[in-house]
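One structure is given below, encoded as structure tokens.
The values are calculated or read from the model by the stated rules, or taken from the named source; none is laboratory data. It should be emphasised that the depicted structure is a prediction, and the values quoted were computed from it without experimental measurement. No Cβ is skipped: glycine too gets one built from the backbone with ideal geometry, and neighbour counts run over all protein chains shown. We work out accessible area using only protein heavy atoms, side chains counted, and drop any ligands, DNA or RNA first. Shrake-Rupley method; radii C 1.70, N 1.55, O 1.52, S 1.80 Å.
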Amino acid sequence: MSYTSELLKRAIARSPGEPEFHQALREVVETLGPVFEKRPEYVRWKVLDRLIEPERLISFRVPWVDGKGDVQVNRGYRVQYNSAIGPYKGGIRFHPTVSAGVIKFLGFEQTLKNGLTGLPLGGGKGGADFDPKGKSDTEVLAFCQSFINELYRHIGPDTDVPAGDIGVGAREVGYMVGQYKRLTGNLPGGVFTGKAPSYGGSLGRPQATGYGLVYLMEDLFRRKGQSFEGKKVVISGAGNVAIHAAEKVLQLGGVPVTVSDSGGYIYDAGGLDVALLKEIKFNRKERLTAYKEAKPSSEYKAGGMVWEVPCDVALPCATQNELPKAGAEALVKNGCKAVGEGANMPSTPEAVEIFQKNGLIYAPGKAANAGGVSVSALEMSQNSMRQGWSFEQVDSALQGIMKGIVKQITQAAEAYGQPDNLVLGANIAGFLRVADAMMGQGVV
Ligand code: NDP
């Protein structure tokens, strides 16, 4: 058995019942074989054996009192995955599906993603199996405060800097910042990113993941003499990443035609009304059915799979494994030519195989959605410098970072003889950055 197969077998056996973590490991480890042929010192120093094992996984009780006065108990997590190139950095997710395995998969992906950004960021991730849907403002506040009552002792501006993710936006980050400040007496400065601009948040952070995704795809198109101009784009999700991706697609002359949530999807053939979407999802916090009510010419399909809508480009921006084999087959059959992942691991392994076999441009999440964490790093810089940069300054830096990621992943893919395989390119380029830093620091 090869070094990588054996390592994978061992890693999976010691983390039973964590399918998402196994999937993320398999996808990366299986592509790294050629690296170990060129660089046997990584094997001797067991760099990958160490990298796939999180430095630390913290799990804790989160008790809180709901609006009816009943006591609720959730479970919180923080994985401090790898600090070889900087403080742990990665978002916090509130969703009923959160488990140790989900947080580990996200932390592992984050470690390699942060390596790709070229910025000094280690990898971390956190969350809780708390469902913010349908909860009042005061319930969300009570939960966030209890969550921080434990987490505060593990984080800090030079050790671990959380941000948002699914179910955690500026409101939740604000509540956590407030509680962190009460407990530590410290001005929270750079302990969280994704803050509101009035207390240290970076302009451009809410837009960064969605915009970054579209900048990365535009750069890949440019290399093939194409652009977003006139392209029909199917987007899943209706949250922070999805809506900002739709906004940037429109700005670049493309036509975003769908958004979805766990109830169904909106199809708006003439192009989405992004201002209306923002009003419904960000301000009124309503379901997507409200879009159909406000714009009757659009269609709402309950429970449908957004991938059945014909398009040129698909941008999955909701959650892991949301794009299965049947979705990939439908996309290919209807002429889709490119897939860019705004979400983390949205395509199943079977779907990825179909994209690669059919020659689609396929940009994996760890490269394509790195814009969010990149602007978080810019927020940390602004906080340290006691400065606030303009939106234009941040946006232009984001464009530069996404171009740098495209360069790295395409160069790595070429160097390893598979120029169109951006999965290979992203995995190898991310791994090399972290691996070299780990080698330099001895066996830690
Ligand atoms: P939000 O909470 O803002 O939005 C998530 C959206 O996805 C919602 O519309 C939600 O619908 C939908 N969704 C979530 N779970 C499911 C599900 N199981 N089935 C169908 N739809 C679902 O999250 P974000 O936009 O911030 O994050 C989306 C993805 O992007 C995640 O994978 C996240 O890890 C990734 N990401 C986010 C970054 C960021 O900066 N925010 C950075 C990098 C990656 P509903 O309301 O019905 O649940």
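What Kirkwood hydrodynamic radius, in Å, does segment 3-187 give when the mean of 1/r is taken over all pairs of distinct Cα atoms and then inverted? The partial results should precede the final answer.
Values: mean 1/r = 0.0574 Å⁻¹.
Radius from the Kirkwood sum: 17.4 Å.
Sort TYR215, TYR81 by accessible area with a 1.4 Å probe, largest first. Don't skip to the end; give the middle numbers.
Numbers: TYR215 30, TYR81 0 Å².
I get TYR215, TYR81, largest accessible area first.
To the nearest 10 square angstrom, what accessible area does HIS154 show with a 1.4 Å probe?
Rounded to the nearest 10, the figure is 60 Å².
Kirkwood Rh, segment 208-359, all Cα pairs: how many Å? Intermediate values should be presented prior to the final figure.
Numbers: mean 1/r = 0.0662 Å⁻¹.
Radius from the Kirkwood sum: 15.1 Å.
Compactness ratio of the chain: Cα Rg over 2.2 N^0.38 Å, N = residue count?
Values: Rg = 20.8 Å, N = 444, 2.2 N^0.38 = 22.3 Å.
The reported ratio for this selection is 0.93.
Within 10 Å of each candidate Cβ there may be at most 15 other Cβ atoms; applying that plus a DSSP loop requirement, which trypsin sites (Lys or Arg not before Pro) in segment 100-188 survive? Don't skip to the end; give the middle numbers.
Working: sites: LYS104, LYS113, LYS125, LYS133, LYS135, ARG153, ARG171, LYS181, ARG182; in loops: LYS133, LYS135.
In loop regions of segment 100-188 (DSSP not H, G, I, E or B), the sparsely surrounded trypsin sites (Lys or Arg not before Pro) are LYS133.
For segment 26-142, with all protein chains present and a 1.4 Å probe, just round the carbon and sulfur fraction of the accessible area to a whole percent.
51
Just to make sure I understand: if all protein chains stay in place, what is the order of LEU252, LEU213 by accessible area at 1.4 Å, largest first?
Details: LEU252 50, LEU213 0 Å².
The most accessible residue leads, giving LEU252, LEU213.
For ARG10 and LYS133, calculate 0.36 nm times their separation in residues minus their Cα-Cα distance, and state this gained length in nm to one decimal. Walk me through the intermediate numbers first.
Numbers: separation 123, 0.36 × 123 = 44.28 nm, distance 3.80 nm.
Full-extension gain reported as 40.5 nm.
What accessible area, in Å² to the nearest ten, does a 1.4 Å probe give for LYS38?
Near enough 120 Å² of accessible area.
Using Cα pairs closer than 8 Å and at least 6 residues apart in sequence, work out the relative contact order for the chain, in percent.
Numbers: 895 pairs, mean separation 68.5, N = 444.
Relative contact order here is 15 percent.
What fraction of the DSSP beta bridges in the chain is antiparallel, stated in percent and rounded to the nearest 5?
Numbers: 26 of 48 bridges.
Antiparallel bridges make up about 55 percent of those DSSP assigns within the chain.
With a 1.4 Å probe and every protein chain left in place, tell me how much accessible area SER5 has, in Å² to the nearest 10.
The accessible area comes out at roughly 50 Å².
Just flag the trypsin sites (Lys or Arg not before Pro) in segment 386-444 sitting in loop per DSSP whose Cβ has no more than 13 other Cβ atoms within 10 Å. The partial results should precede the final answer.
Details: sites: ARG386, LYS403, LYS407, ARG433; in loops: ARG386.
Filter output for segment 386-444: ARG386.
What number, in percent, do you get for the relative contact order of segment 55-162 if the mean sequence gap of Cα pairs under 8 Å and at least 6 apart is divided by its residue count?
Worked out over segment 55-162, it gives 33 percent.
Go through ASP129, ASP49, ASP219 and list them by solvent-accessible area, largest first, probe radius 1.4 Å.
Values: ASP129 55, ASP49 30, ASP219 10 Å².
Output order, biggest surface exposure first: ASP129, ASP49, ASP219.
Can you work out the FRET efficiency for the pair THR184 and ASP66, with r the C-beta to C-beta distance and R0 = 30 Å, to the nearest 0.05? Could you put the intermediate results ahead of the total?
Values: r = 27 Å, r/R0 = 0.89.
The calculated FRET efficiency here is 0.65.
Can you work out the FRET efficiency for the pair ARG56 and SER227, with r the C-beta to C-beta distance and R0 = 56 Å, to the nearest 0.05? Display every interim value, and only then the final one.
Working: r = 44 Å, r/R0 = 0.79.
Calculated value: 0.80.
For the chain, what does -39500 (n - 2.57) per DSSP helix run (n ≥ 4), summed and divided by total residues, give at 222 nm, in deg cm²/dmol to the nearest 500? Show your work: numbers first, answer last.
Working: 18 runs with 207 residues, N = 444.
Dividing the helical sum by the residues of the chain leaves -14500 deg cm²/dmol.
If you add up the charges near GLN72, with Lys and Arg at +1 and Asp and Glu at -1, over every other residue whose beta carbon is less than 13 angstrom from its beta carbon, what do you get? Walk me through the numbers on the way to the answer.
Values: positive: ARG61, LYS68, ARG75, LYS135; negative: ASP66, ASP70, ASP129, ASP131, GLU139.
In short, -1.
Carbon and sulfur: what percent of segment 208-359's accessible surface (1.4 Å probe)? List each step's numbers first, then the result.
Numbers: 2980 of 5890 Å².
Carbon and sulfur atoms account for 51 percent of the accessible area of segment 208-359.
For labels at THR289 and ASP158 in the simple 7 Å Cα→Cβ model, what's the distance in nm?
5.3
If a helix is a whole DSSP H run, which ones in the chain reach 18 Å or further along their own axis (Cα) and hold a mean Kyte-Doolittle hydropathy of at least 0.5? Could you put the intermediate results ahead of the total?
Values: long enough: 100-117 (25 Å, 0.37); 137-151 (21 Å, 0.48); 170-184 (21 Å, -0.54); 205-222 (25 Å, -0.17); 371-385 (21 Å, 0.22); 391-415 (36 Å, 0.12); 422-440 (27 Å, 1.34).
Correct list, ordered by number: 422-440.
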